[in-house]
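Okay, so here's the structure we're looking at.
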DNA sequence: GCCCAGGTGGGTA
DNA sequence: TACCCACATGGG
């Protein structure tokens, strides 16, 4: 891992896209649902599933717990892996009621390392899902590493994209102040940048806000 | 028709 | 630790 210019990358992305104020959800619990539904899934498909849940007024821990499994599967079907994800959602809310009186805020009121351990112990909640929940539902300074993060910073030559999750998360957290607003914007900007510029059909380098930092500028990127 | 998407868990060497 | 596979829908 390089000892990297993370601030210049952030500054350029912020200047280009402006503040994004993530996560696209109307409540902390909706963040949890989105974080589970988006596992290895395009966000456009997640939106369809969440729209179904909203229509059914099922975007609360109480409603998800009460819903018959097959009903829930049908609602979230557009997000793919619907049997797995229905189970994961209901395991999550079952845990929430068994241990926190159904109150997500109570789970997320614990110190960050403790809340993270608790989330990671849940079946269906891996490191990326846990960090997304901690940061975007809890406002806790836990940096989110996803496929976009690996792709972008791998291309910039700042990290090994195949490195383990925890080592990449540590790379960012050792080099950035533990500021939830910073982590929020940084990850959102990474996603926005990649959605626009890291696709298979690459746009022209001239349009890229990271052009000056990119080792592939004017060649393949 | 084929490839891929904001992962995770379970299994094997 | 490092691979492998299942899990499923919808858009390019």
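Each reported figure results from applying straightforward, stated rules to the coordinates on display, with no laboratory input. The model shown is predicted, which means the values in this text are computed figures rather than measured ones.
Here are some notes:
- Cα convex hull of region A:28-137 - mean projected area over all directions, nm²: 5.9
- Choice from A:15, A:109, A:35 showing the highest fluctuation, given a GNM over chain A with Cα pairs closer than 10 Å: A:15
- Nearest-ten-degree value, helix A:82-100 long axis tilted from longest Cα axis of chain A: 70
- Measuring between their Cα centroids, region A:121-181 and region A:41-108 lie 23 Å from each other.
- Taking the convex hull of the alpha carbon positions in chain A and averaging its projected area over all directions gives 12.0 nm².
- Degrees between helix A:180-197 axis and first principal axis of chain A (Cα, 0 to 90, nearest 10): 70
- Seen against the Cα atoms of chain A and their longest principal axis, helix A:43-55 is set at about 30 degrees.
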